[in-house]
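The values are calculated or read from the model by the stated rules, or taken from the named source; none is laboratory data. The structure presented is a predicted model; accordingly, all values stated were derived computationally and were not measured. FYI the Cβ positions are ideal-geometry reconstructions off the backbone, even for glycines, and counts take in every protein chain you see.
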Amino acid sequence: MAQLARPLVAERSSPALGGIVGAAVMGALSSGLTCGVWSFLAVVIGDVSAALPLGWALFSGAGLGLGLAFFRRGKTSPWTITLFLGLAVGVLWLLLTGLRPLSLGQVRPFWGVTACLLSFLFAAQLTRYGLRDLDLSQPRRDLFETLLLRALRAAGFVFFLSVVIFPFYFMVVSSLKARAALLQNPTYLGIDLTRSLGDLLVGYREVLVTFDFLRYIGNSTFVALATVVITLVLAILGAYAVTRLRFPGRTFMSRAILLIYMFPAIILVIPLYAIFTQLGLRDTLPGLLIVYPATTIPVALYMLRSYFQTLPADLEEAGMIDGCSRLSVIWRITLPLSLPALASVGLYIFMIAWNEFLFAFMFSDNPDIYTLSRGMVALNSQEVPRQFLMAGAVIVTVPIMLIFFFFEKYLVGGLTAGGVKG
């Protein structure tokens, strides 16, 4: 029994030398990466030169990694230990640097100190994530390779995340600036927190009320939702017919679905403009509801056809044997199994209809039926301040982002797995 107990005690002992070195390196890299990001933000956002002592940051980060390694002992570190170590190392770093916190320009020193502490909490969490599921008591070559890959992955994630977020951040910051500040220093990416909330949001108030963007939001929502409904109804029936039914020209139709995309939209605008003018459909919302589905049905039909081909036909045949009609089979069997495809296609169609500009610009002259993309043209003039244009861009972008994040969970396939047992 004593011999069996020794390995258990060894497993729960303190990390070996190799594990200690690995944990210290991971902590130093995490802390250096985090503090480097804060230094970059101080220069870009705060418009100040941030004298960040990188040596102290690496040293304290190494201590943070050692603390996590000794506390966890091969197991996942609790959040309380991560919180405690992050705050402790952050306070120690502030004391060793002479209480010179990372400055963020016009932000008060309290927020600078808070930013430093939050940076070390983030570094602690990043170190904890890098050390997960690793047995530091047994240093091996694959352990160091895993730590290196995780450190590189974290650095790459931070870099690409910054590249993606920066354009949207630039729009938001520019929309919150005063006109004088934007003209004086357009490259300054900070936010003047000394201004009141009403002064910060004056651009959004002017865009929504003065420039009538509330009406444009309603028009865009109506047109986009109607386009989604019309396109999905016709594309579902067409894709099901091409996939399940046999009729003359079925193969040609299946291959020629995307034929319309061989022609640029600018070529179709001129004849459509002439025809819609003669029919009285130009400068009306029904005219847009004819053009938008005509351009979205082919790609929606193609995507749904590819998905319907993966559905087991045995389920539909079983439903028809039970007395269901063809439409009942589509409604009760095919559509429930196609929810991921319907969600992705619907989201794609909504984004096209929401952001479409060419047809909205050519077929809309009355401001009462402007969509958001058409209304943005009214803001792009010399008389309109730039912060109003940026506020309008944020208003156009945010709904699409929220809808995408909401429907993201529906974009995962695999609902038909196991639908037919062999």
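Restricting to the range 306-319, give me the number of residues that are loosely packed, with under 14 Cβ neighbours inside 10 Å and more than 17 Å from Leu342 (Cβ to Cβ).
Residues flagged as loosely packed, with under 14 Cβ neighbours inside 10 Å and more than 17 Å from Leu342 (Cβ to Cβ) within the range 306-319 amount to 4.
In summary, Thr310 fulfils each of the numbered conditions (1) closer than 27 Å to Val394 by Cβ; (2) among the polar types (S, T, N, Q); (3) modelled with pLDDT under 85 with the single exception of condition (1). Residue pairs whose Cβ atoms lie under 9 Å apart, sitting 6 or more positions apart in sequence or on different chains, and linking a residue in the range 193-221 that is more than 14 Å from Tyr370 (Cα to Cα) to a partner that is among the acidic types (Asp, Glu), are Asp199/Asp192; Leu200/Asp192. Among the residues of the range 196-220, just one is modelled with pLDDT under 85 and buried (at least 16 other Cβ atoms within 10 Å of the Cβ), namely Leu200. Under the condition of being touching a residue at least 60 places away in the same chain (Cβ under 8 Å) and small (Gly, Ala, Ser), the residues counted in the range 228-282 number 4.
Output the residues belonging to the range 140-173 that are of a type outside the set (D, E, K, R), over 29 Å from Thr187 (Cβ atoms) and in contact (Cβ under 8 Å) with a residue 24 or more places away in the chain.
Selection gives Leu143, Phe144, Leu147, Ala151.
Selection of the range 356-377 for residues being touching a residue at least 40 places away in the same chain (Cβ under 8 Å), in contact with a helix residue (DSSP H, G or I) (Cβ under 6 Å, 6 or more places away or on another chain) and under 21 Å from Val207 (Cα atoms) yields Ala360, Ser364, Ile369, Tyr370, Thr371, Leu372, Ser373, Arg374, Gly375. Restricting Leu201, Leu258, Leu245 to those that are at negative phi and outside the structural domain of Arg386 (by TED's automatic domain parsing) reduces the list to Leu201. Under the condition of being of a type in the set (Asp, Glu) and at pLDDT 75 or above, the residues counted in the range 388-422 number 0. Residues that are within 20 Å of Ile352 (Cα to Cα) and polar (S, T, N, Q) were ranked within the range 265-295; the one that is surrounded by the most Cβ atoms within 10 Å (Cβ to Cβ) is Thr295.
Number of residues in the range 366-378 that are over 26 Å from the mean Cα position of the chain (by Cα) and surrounded by 19 or more Cβ atoms within 10 Å (Cβ to Cβ): the value is 2.
Quick one: is Ile191 under 24 Å from the mean Cα position of the chain (by Cα) and outside any helix (DSSP H, G or I)? Yes, satisfied.
Here is the figure for the range 194-245: residues that are under 29 Å from the mean Cα position of the chain (by Cα), of a type outside the set (A, V, I, L, M, F, W, C) and more than 19 Å from Phe350 (Cβ to Cβ) total 8.
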